[in-house]
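> Before anything else, here's the structure in question.
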Amino acid sequence: MSSPAGDSDDLLSVFVGGHDSGRRRAGVIDSPHMILSLLPVPLLVVAVFLLLRAETQTPRNRRQIKLWKPLSTSLIIVVAALSFAQPTHVPLYSILILTGLALSLAGDWLLIDSDERPSLFVSGLGAFLLAHVAHIFAFAYAQVVRGTPFDLNRAALAAAVLAILGSVVYFYLRPSLGNLQQPVLLYMTVISLMVHQALSGVQIGGGLLAQPALAMGGALLFYISDFILAINRFVFGGEGENNSIWVLSTYYCAQLFIALSASFVR
């Protein structure tokens, strides 16, 4: 008979190490391998802190932003690349996650100067859209690998909630979008599909495995970050340093969770 705490053992053992010496359960990894995946994180924290400082200066320190923003995303790419050293990784999943992160790096670079060159905003938006497509395929593939059962009722409920939330956000932003209405609508549709795919991988009532939990957390934080970014850019005209802090902190947490998920698929 399993104890009530047993349902959380799978996720907990990602952080404290497994205790089953005979075999590794799906999505669980021992502490030494977990430490390997987390090695770039202290440098990432420093880089993001310096990026936030540059973003909140008046005026923005564009030169430092062009240094710390790509470096921060590159460190997250290293986290995902370290998944190939993990016994619980799946090569195709890691490749898809790395593809999404590389596209995000391109999007980061394009958006730095998008306030002065508006055409770069659409290009950056396109790069992030393709990144979400890569993540959709990655999350779906992980569910196939683990044999995750499809829950139609939960999928329909999640789709309805995301559709309602996305519609409210879009119609709130629409008067401020100008000729960006269609690109923004397409982007919102794709990121909503990414969140939905991540939510579909979480099994209710069973052990909370690391990859679905990290993917879900990353997808939701990405959605929140983009929502704050859109409100700040289109409604408030990019004013307000506090908004930049929230956008970047949620964005890099999202990317880190998604990158870490590559180490815990099996």
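The values are calculated or read from the model by the stated rules, or taken from the named source; none is laboratory data. What you see is a predicted model, and the numbers here were worked out from it, not measured in a lab. FYI the Cβ positions are ideal-geometry reconstructions off the backbone, even for glycines, and counts take in every protein chain you see.
> What about ASP113, is it closer than 16 Å to GLY201 by Cβ and touching a residue at least 40 places away in the same chain (Cβ under 8 Å)?
The answer is no for ASP113.
> Say whether the condition of being in contact with a Gly (Cβ under 8 Å, 6 or more places away or on another chain) and hydroxyl-bearing (Ser, Thr, Tyr) is met by at least one residue in region 97-104.
If we filter region 97-104 for residues that are in contact with a Gly (Cβ under 8 Å, 6 or more places away or on another chain), which is where we start, we get none.
Within region 97-104, none of the residues are in contact with a Gly (Cβ under 8 Å, 6 or more places away or on another chain) and hydroxyl-bearing (Ser, Thr, Tyr).
> In addition: Return only the number of the condition from (1) more than 23 Å from TYR93 (Cβ to Cβ); (2) under 17 Å from the mean Cα position of the chain (by Cα); (3) without any contact (Cβ under 8 Å) to a residue 60 or more places away in the chain that LEU125 does not satisfy.
LEU125 satisfies all of (1) more than 23 Å from TYR93 (Cβ to Cβ); (2) under 17 Å from the mean Cα position of the chain (by Cα); (3) without any contact (Cβ under 8 Å) to a residue 60 or more places away in the chain except (3).
Every residue, every condition in (1) of a type outside the set (Gly, Ala, Ser); (2) surrounded by 15 or more Cβ atoms within 10 Å (Cβ to Cβ); (3) touching a strand residue (DSSP E or B) at 6+ places or on another chain (Cβ under 9 Å); (4) modelled with pLDDT under 90, yes or no:
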| site | (1), (2), (3), (4) |
| --- | --- |
| VAL190 | yes, yes, no, no |
| LEU193 | yes, yes, no, no |
| HIS196 | yes, yes, no, no |
| SER200 | no, yes, no, yes |
| ILE204 | yes, no, no, yes |
| LEU209 | yes, yes, no, yes |
| LEU214 | yes, yes, no, no |
| GLY217 | no, yes, no, no |
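> Follow-up question, since we're still on this one. Got at least one residue in region 148-160 being within 19 Å of THR88 (Cα to Cα) and modelled with pLDDT under 95?
Kept after step one, since they are within 19 Å of THR88 (Cα to Cα), are these residues of region 148-160: 148.
Going one step further and asking which of them are modelled with pLDDT under 95, we end up with 148.
Yes: one or more hits.
> Tell me, which residue of region 48-68 that is part of a helix (DSSP H, G or I) and free of Cβ contacts under 8 Å to residues at least 24 places away in the same chain is farthest from the chain's Cα centre (by Cα)?
Step one: filter region 48-68 for residues part of a helix (DSSP H, G or I), giving 48-55, 62-68.
Those left that are additionally free of Cβ contacts under 8 Å to residues at least 24 places away in the same chain: 49-50, 53-54, 63-64, 67-68.
Details: PHE49: 19, LEU50: 21, ARG53: 22, ALA54: 23, ARG63: 26, GLN64: 24, LEU67: 21, TRP68: 19 Å.
Within region 48-68, the match that is farthest from the chain's Cα centre (by Cα) is ARG63.
> Within the set of pairs 6+ apart or on separate chains, which have a first residue in region 131-159 that is among the polar types (S, T, N, Q), a second that is modelled with pLDDT of 85 or more, and C-beta atoms under 9 Å apart?
Matching pairs, first to second residue: GLN143/GLN197; GLN143/SER200; GLN143/PRO212; THR148/ALA142; THR148/SER200; THR148/PRO212.
> Just to be sure, is PHE234 in a helix (DSSP H, G or I), more than 18 Å from THR148 (Cβ to Cβ), modelled with pLDDT of 90 or more and not polar (S, T, N, Q)?
Details: in a helix (DSSP H, G or I): yes; more than 18 Å from THR148 (Cβ to Cβ): yes; modelled with pLDDT of 90 or more: no; not polar (S, T, N, Q): yes.
It is false that PHE234 is in a helix (DSSP H, G or I), more than 18 Å from THR148 (Cβ to Cβ), modelled with pLDDT of 90 or more and not polar (S, T, N, Q).
> Moving on to the next point. When the residues of region 237-266 are filtered to those that are hydrophobic (A, V, I, L, M, F, W, C) and outside any helix (DSSP H, G or I), which remaining residue is nearest to VAL169 (Cα to Cα)? Can you show your working first?
Narrowing region 237-266 to residues hydrophobic (A, V, I, L, M, F, W, C): 245-248, 253-254, 256-260, 262, 264-265.
With outside any helix (DSSP H, G or I) added as a condition, the list becomes 262, 264-265.
Numbers: ALA262: 31, PHE264: 33, VAL265: 33 Å.
Ranking the candidates gives ALA262 first.
> Now for a separate question. Quick one: is LEU103 crowded, with 18+ Cβ neighbours inside 10 Å, closer than 18 Å to VAL247 by Cα and either touching a residue at least 40 places away in the same chain (Cβ under 8 Å) or not charged (D, E, K, R) (or both)? Can you show your working first?
Values: crowded, with 18+ Cβ neighbours inside 10 Å: yes; closer than 18 Å to VAL247 by Cα: no; either touching a residue at least 40 places away in the same chain (Cβ under 8 Å) or not charged (D, E, K, R) (or both): yes.
For LEU103, the condition - crowded, with 18+ Cβ neighbours inside 10 Å, closer than 18 Å to VAL247 by Cα and either touching a residue at least 40 places away in the same chain (Cβ under 8 Å) or not charged (D, E, K, R) (or both) - is not met.
> Could you check region 84-103 and list, in sequence order, the residues that are touching a Phe, Trp or Tyr at 6+ places or on another chain (Cβ under 8 Å), in a helix (DSSP H, G or I) and closer than 16 Å to GLN211 by Cα?
Matches in region 84-103: PRO91, LEU92, TYR93, SER94, LEU96.
> Moving on. Can you name the residue in region 180-205 that is assigned to a helix (DSSP H, G or I), within 19 Å of the chain's Cα centre (by Cα) and free of Cβ contacts under 8 Å to residues at least 40 places away in the same chain and is also nearest to ARG233 (Cα to Cα) among such residues? Give the derivation first.
Initial filter on region 180-205 (assigned to a helix (DSSP H, G or I)): 180-200.
Checking which are within 19 Å of the chain's Cα centre (by Cα) leaves us with 184, 186-200.
Filter once more, so that each one left must be free of Cβ contacts under 8 Å to residues at least 40 places away in the same chain: 188-189, 192, 195.
Values: MET188: 15, THR189: 19, SER192: 20, VAL195: 22 Å.
So, considering only residues that are assigned to a helix (DSSP H, G or I), within 19 Å of the chain's Cα centre (by Cα) and free of Cβ contacts under 8 Å to residues at least 40 places away in the same chain, the one nearest to ARG233 (Cα to Cα) is MET188.
> Does region 172-179 contain at least one residue that is part of a helix (DSSP H, G or I), touching a residue at least 40 places away in the same chain (Cβ under 8 Å) and crowded, with 19+ Cβ neighbours inside 10 Å?
Yes, region 172-179 contains at least one residue that is part of a helix (DSSP H, G or I), touching a residue at least 40 places away in the same chain (Cβ under 8 Å) and crowded, with 19+ Cβ neighbours inside 10 Å.
> Answer yes if at least one residue in region 123-144 is outside any helix (DSSP H, G or I) and farther than 24 Å from LEU180 by Cα, and no otherwise. Even if it seems obvious, please write down each step before you answer.
Start the filter on region 123-144 by keeping residues that are outside any helix (DSSP H, G or I), which leaves none.
No, there is no match, as no residue in region 123-144 is outside any helix (DSSP H, G or I) and farther than 24 Å from LEU180 by Cα.
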